[in-house]
Amino acid sequence: MAAYIGSATPRIDGVSKVTGTAKYAAEFNVPGLLYGSVVTATIAKGRIVHIDCSAAMRAKGVIDVLTHEHRPPLADNDQAYKDFVAPEGSPFRPLYDDKIKFSVQPIALVVAETSEIARFAASLVRVEYEQGGHVTDVFSRRDAAIPIRRPADPVEASFSPPKARGNPEQAVAAAAVRHKGEYYVPIEHHNPMELYAATAIYEADGKLTVYDKTQGVQNVQQYVCGVLALKPENVRVRSPFMGGGFGSGLRPQYEVVLAALAALALRRSVRVVLTRPQMYGLGYRPAMIQRIALGADATGLLDAITHDAITVTSQFEDFYRQETGWSGLLYKSAHAKYAHSLAHLDLATSCDMRAPSAATGVYALESAMDELAVALNLDPVQLRLRCYSDRDQHSGSPYSSKALKECYRQGAEAFGWAERNPKPGSMRDGSDLVGWGIATGIWEALQVPISVRIALTANGHAEVACATSDIGTGTYTIMAQVAADMLGLPLDNISVKIGDSSLPQSPVEGGSWIATSVANGIATTADAIRDDLLRLAKRIPNSPLADAASDDVALVDGKLASKRDSTRFVSIADAMRQGGVDRIELEKTTEPAPDPSRAHNTHSAVFAEVKVDEQLDVIRVTRVVSAVAAGRILNTKTATSQILGGVVWGIGMALHEETLIDHRFGRIMNANIAEYHVPVNADVHDVKVIFVEESDDSNRLGVKGLGEIGIVGVAAAIANAVYHATGKRVRDLPITLDKLRR
Ligand code: MOS
């Protein structure tokens, strides 16, 4: 039997998704289900003076309207609202009191017999506000931004800027060649296809089963229990499928509180679905102002880097990620300094969005490196090779693996980089200017503790269970592949159960850490199953495995067989029969082995071609080659899709995406996917994904995980290509054609 790991196995949930049998949070029905529609605030700051629900209550079919004045009790302390990935601060409490902290904040829930009635009645709720003075513009707060202080908590501390090295300011000033630049990334919203939704089923015994759209069912479960003072055994949270998350579902969102609150108040099952405009009241990628200074000698050897960032968060929580230190992982430089300040605005709290901190920090770094290459009159790939670092300079540690040089080589070859004329504006295709740009990508290769349960039955079927989610990445499929290989069974004999808080422990699915964690978790539990089977097999009279140790045997083709002599084996069925069992069920927890002496990262080299219409300045991204080094690839098909999707995100970041706020009102002007632009089919042309071979022994299966690495570097590669095509450097994203007017 050929190995499933590493193959292009199609998604095992593909058929159920395309035929509609895969059900999402808003698709679970029960008799008597009620529908909630959310009323949101129209001001950005202030308080509710009066909320009049009488007209809404009179609408036929309306059951109740919940507000801060009319609702069951909610927890009254911050700790109860803290989820597993909450930042420092005081989490938002939906329907808690009269205070308005951001526009589109939920302030009432109308519950009715149908969703149409609920939505209509929500339009009848009248609210009188007392307005406070709001600030929503990061530029108006740049001087008031507060430097991040390194917190004691080690996880929080890892998000703070790394420590400085040497005397960077003097070194920049003394450098033969310098580049200084300021780069801007606007607020972006995740815009997953599936709307945030929760269906809270009120069970006969008063327990709740909540179908919620989330990247972490156990995170939501403990959050709901905290906020509503419920016992864990009375709340089960399920999220079998998710129509895109991209980080917006790492923290619990308010729809789950509202649905559960209404279900408890009315002792009925309640569904709450947010509208697309309401999705813009959730978290977002923080807007970011970054300044970078680079100093190099005349040959292109870097000597000094300074990188500082101002990012946006709310007035009540300090969300941030480590934007500034990526250069310390990529490029050798004796002198370096990093700084990061937070601008507090009257908005919802910012949050993780696809490669948080790297998508943005590396955009600025790789744009600046391109500008340095121009100043040096050096090929941008050569500059990166000249400054290449074999160590993480923050820790001094070598990498567990880093095949980035091979990414540059294979990417350049596939792209045809050698044909590039370095002079801006020198390459043409008819009336189009042609530009070629390159940038590096980097992301973390993390493994987290996880528990996996396997139930193997005598007929050679196995069920693999873990509370993790598949947010669209392919987790179901890679779990089945790994289980099939480890248990020596055909893929069709594996069933995968995930997305249920009652299953074995899993952290949120994010950070590109689940594939590594759950794959190694399955291997650990499968070993324990094998050992149990061996114990039973040895009891067979004259057992062919009588003297075998657990390392000597493997599960292959439905049998437990000697690795040295495949004629010595016991079938799974025979071993179980001997033991008088028809099923072996085991659960094991796998913790990553500590490896502090090495750095763990994935890398990429991204090559982009743009064509810019010389008269109209319309930009098209005509070709992208992304060469990725991410350890062992579990599934070349789903992995390619992850990188493809990342490239599409990068095209959006470079050319389209921007959440626009009317700062007079503190309200988002393009809170819909007609006016918030994302790349569509016509914007995506030839994208080639290459996986560079990379062997890594950080974990048993040699997996590093991927997903987020796909977006990192893409926006810079495109921005650099636009410069190469036009000679015009645009340092604020998105690069819209008005910014190209020469
Ligand atoms: Mo990802 S931003 O960790 O969901």
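The values are calculated or read from the model by the stated rules, or taken from the named source; none is laboratory data. Here the structure is a predicted model, which is why all the values come from computation and not from measurement. A quick note on method: Cβ atoms are made from the backbone with ideal geometry, for glycine too, and the neighbour counts reach across all protein chains shown. Keep in mind that these areas ignore ligands, DNA and RNA; they rest on the heavy atoms of the full protein, side chains included. Shrake-Rupley method; radii C 1.70, N 1.55, O 1.52, S 1.80 Å.
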(message) For the structure I just gave you, tell me whether residue 249 is part of a loop (DSSP other than H, G, I, E, B), away from the ligand (no atom under 16 Å from the Cβ) and open to solvent by less than 10 Å² (accessible area, probe 1.4 Å).
(response) no
(request) Consider residue 285 carefully, then state whether it is open to solvent by less than 20 Å² (accessible area, probe 1.4 Å) and among the charged types (D, E, K, R). (result) yes
(request) Evaluate segment 454-464: report whether one residue or more is open to solvent by less than 10 Å² (accessible area, probe 1.4 Å) and closer than 30 Å to residue 714 by Cβ. (result) no
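Can you name the residue in segment 349-392 that is polar (S, T, N, Q) and touching a Ser or Thr at 6+ places or on another chain (Cβ under 7 Å) and, of all such residues, is nearest to the ligand (Cβ to nearest atom)? So that I can check it myself, show each step before the final result.
Filtering segment 349-392 for residues polar (S, T, N, Q) gives 349-350, 357, 360, 367, 377, 382, 389.
Next, from what is left, pick out any that are touching a Ser or Thr at 6+ places or on another chain (Cβ under 7 Å): 349-350.
Working: 349: 14, 350: 12 Å.
Of everything passing the filter in segment 349-392, 350 is nearest to the ligand (Cβ to nearest atom).
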(message) Can you find, within segment 450-475, the residue that is farthest from the chain's Cα centre (by Cα) among those that are under 18 Å from residue 489 (Cα atoms) and of a type in the set (S, T, N, Q)?
(response) 459
(message) Looking at the structure I just gave you, is residue 422 open to solvent by 50 Å² or more (accessible area, probe 1.4 Å) and out of contact with any Leu (no Cβ under 7 Å at 6 or more places or on another chain)?
(response) yes
(request) Quickly run through segment 728-742 and pick out the residues that are in a loop (DSSP other than H, G, I, E, B) and exposed (fewer than 15 other Cβ atoms within 10 Å of the Cβ). (result) 741, 742
(request) Scan 396, 328 and give me the residue that is more than 16 Å from the ligand (Cβ to nearest atom), surrounded by fewer than 24 Cβ atoms within 10 Å (Cβ to Cβ) and at positive phi. (result) 396
(request) Can you give me the number of residues within segment 71-116 that are surrounded by 21 or more Cβ atoms within 10 Å (Cβ to Cβ), more than 30 Å from residue 342 (Cα to Cα) and not small (Gly, Ala, Ser)? (result) 3
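Residues that are within 16 Å of the ligand (Cβ to nearest atom), modelled with pLDDT of 95 or more, open to solvent by less than 30 Å² (accessible area, probe 1.4 Å) and within 23 Å of the chain's Cα centre (by Cα): does segment 674-683 have at least one?
Kept after step one, since they are within 16 Å of the ligand (Cβ to nearest atom), are these residues of segment 674-683: none.
Within segment 674-683, none of the residues are within 16 Å of the ligand (Cβ to nearest atom), modelled with pLDDT of 95 or more, open to solvent by less than 30 Å² (accessible area, probe 1.4 Å) and within 23 Å of the chain's Cα centre (by Cα).
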(request) Name, by its number, the condition in (1) under 22 Å from residue 505 (Cβ atoms); (2) more than 16 Å from the ligand (Cβ to nearest atom); (3) open to solvent by 20 Å² or more (accessible area, probe 1.4 Å) that does not hold for residue 223. (result) (3)
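Determine if segment 444-460 includes at least one residue that is within 13 Å of the ligand (Cβ to nearest atom), out of contact with any Gly (no Cβ under 6 Å at 6 or more places or on another chain) and without any contact (Cβ under 8 Å) to a residue 60 or more places away in the chain.
Going through segment 444-460, the residues within 13 Å of the ligand (Cβ to nearest atom) turn out to be 444, 446, 448.
Narrowing further to those that are out of contact with any Gly (no Cβ under 6 Å at 6 or more places or on another chain): 444, 448.
Checking which are without any contact (Cβ under 8 Å) to a residue 60 or more places away in the chain leaves us with none.
No - not one qualifying residue is present in segment 444-460.
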(message) Looking only at segment 341-398, count every residue that is aliphatic (A, V, I, L, M) and in a helix (DSSP H, G or I) and tell me the total.
(response) 15
(request) May I ask you to list the residues in segment 242-282 that are of a type in the set (A, V, I, L, M), touching a residue at least 60 places away in the same chain (Cβ under 8 Å) and within 29 Å of residue 474 (Cβ to Cβ)? (result) 242, 250, 259, 272, 273, 274, 279, 282
(message) Exactly one condition in (1) loosely packed, with under 15 Cβ neighbours inside 10 Å; (2) under 30 Å from residue 377 (Cβ atoms); (3) in contact with a His (Cβ under 9 Å, 6 or more places away or on another chain); (4) aliphatic (A, V, I, L, M) is false for residue 144; which is it?
(response) (2)
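Matching residues to (1) away from the ligand (no atom under 16 Å from the Cβ); (2) open to solvent by 10 Å² or more (accessible area, probe 1.4 Å); (3) without any contact (Cβ under 8 Å) to a residue 60 or more places away in the chain:
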position: 481; (1), (2), (3): yes, no, no
position: 495; (1), (2), (3): yes, yes, yes
position: 504; (1), (2), (3): yes, no, no
position: 518; (1), (2), (3): no, no, no
position: 542; (1), (2), (3): yes, yes, yes
position: 549; (1), (2), (3): yes, yes, yes
position: 563; (1), (2), (3): yes, yes, yes
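Yes/no per residue for (1) closer than 30 Å to residue 10 by Cβ; (2) surrounded by 20 or more Cβ atoms within 10 Å (Cβ to Cβ); (3) modelled with pLDDT under 95:
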{"position": "570", "(1), (2), (3)": "no, yes, no"}
{"position": "576", "(1), (2), (3)": "no, yes, no"}
{"position": "599", "(1), (2), (3)": "no, yes, no"}
{"position": "608", "(1), (2), (3)": "yes, yes, no"}
{"position": "618", "(1), (2), (3)": "no, no, no"}
{"position": "621", "(1), (2), (3)": "yes, yes, no"}
{"position": "628", "(1), (2), (3)": "yes, yes, no"}
{"position": "644", "(1), (2), (3)": "yes, no, no"}
(request) Might you let me know whether segment 228-241 holds any residue that is within 24 Å of residue 188 (Cα to Cα), small (Gly, Ala, Ser) and within 16 Å of the ligand (Cβ to nearest atom)? (result) no
(message) Consider segment 706-727. How many of its residues are assigned to a helix (DSSP H, G or I) and either crowded, with 24+ Cβ neighbours inside 10 Å or modelled with pLDDT under 95 (or both)?
(response) 14
(request) Could you please tell me which pairs satisfy a Cβ distance under 8 Å, a separation of 6+ or placement on different chains, a first residue in segment 346-357 that is under 18 Å from residue 132 (Cα atoms), and a second residue that is assigned to a loop (DSSP other than H, G, I, E, B) and within 14 Å of the ligand (Cβ to nearest atom)? (result) 347/284; 348/282; 348/283; 348/284
